[in-house]
Amino acid sequence: MIAARLRYSHVIGAGPKVAKSHFFHGFSLHTKLLLGRIPHDETYGPIGTYSGFYMQDGTPSTIEALLVQNLPKDLLMGIQEGLPIGAQRAHQIAVEMKEGHRASVMGHLRHFQMNEVFHEALEAAGAAPNAIRGNGVVIGRSGIFSIGRFNVSGGIWNNAKRSRTRREMSEANRVIELLRFPDLFDPPQPVEHAVVFFVACFSGSLKIQPEAPLQMDIAVPDSAMKGWIFREPLPTFLLRYEVPVPAQEDGAVPKLKKKIEEWPNE
């Protein structure tokens, strides 16, 4: 418990803007982080963002920087364009079904149709996806990151950890989560492997934009899949690729020769 308090104590007093939910009203942000229960509609701000230094091996020391370094922009743009297409295909089929099971059909079809376009986006970017097989999770790999996806409805993110495969994948984040929540007894180490998910957030209602996600996020879970150590809307995250890299100053100063040799007379 002492180690846990030391590990998370830096977030207390950080002054994030937190929207109170009806269930978690009265709980501090600290408690919510420990419980891994931060509702989707809460804005918790840049907690634990450490910038401006690098690990001893020269790799970036923030989760955001590691994501930008290892995930090509083209991959993210392909996912951003592809997932709504898969959702639209699912809607076109499900909308013709009887109302009594239309929502269930929609959920199943979203899984299959969005898995297909996700697989295509990974393959196009050289992210080596595994073969599509039944209800299995489609997983790609780019740099140090294994890449997966899932859907949520009505702002409820708890169903992400229902998948045993996703929980096992998230165990790899024990090292990267120390960049967000440092531990005095377990200093940050070079991150050799981590997991990131792309999350399509639907309204949860067939009457509110059922044909497309309301939002798509890029999210890095903690190692227990109980919370998120980084989460950001995908369009916002793509802006990080537009930040110009500072040019390195060239200290070389050109010098002219003091004496120019004359051509010998013929």
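The values are calculated or read from the model by the stated rules, or taken from the named source; none is laboratory data. Worth saying up front: this structure is predicted, and the values here are computed from it rather than measured. Heads up, the Cβs are rebuilt from the backbone with ideal geometry, glycines too, and the neighbour counts pull from every protein chain shown.
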| query | Taking interchain pairs and intrachain pairs at least six residues apart, which have beta carbon atoms under 8 angstrom, with the first residue in the stretch 73-88 and free of Cβ contacts under 8 Å to residues at least 12 places away in the same chain and closer than 14 Å to Gly148 by Cα and the second part of a helix (DSSP H, G or I) and hydroxyl-bearing (Ser, Thr, Tyr)? | reply | none
| query | Of the numbered conditions (1) loosely packed, with under 13 Cβ neighbours inside 10 Å; (2) modelled with pLDDT under 95; (3) of a type outside the set (A, V, I, L, M, F, W, C), Glu81 satisfies every one except a single condition; which is it? | reply | (2)
| request: Select from the stretch 188-223 the residues that are of a type in the set (Gly, Ala, Ser) and under 22 Å from Ser142 (Cα atoms) and list them in ascending order. | output: Ala194, Ala200, Ala219, Ser223
| If you go through the stretch 211-226 one residue at a time, do you hit one that is of a type in the set (Gly, Ala, Ser), part of a loop (DSSP other than H, G, I, E, B) and in contact with a strand residue (DSSP E or B) (Cβ under 6 Å, 6 or more places away or on another chain)? | no
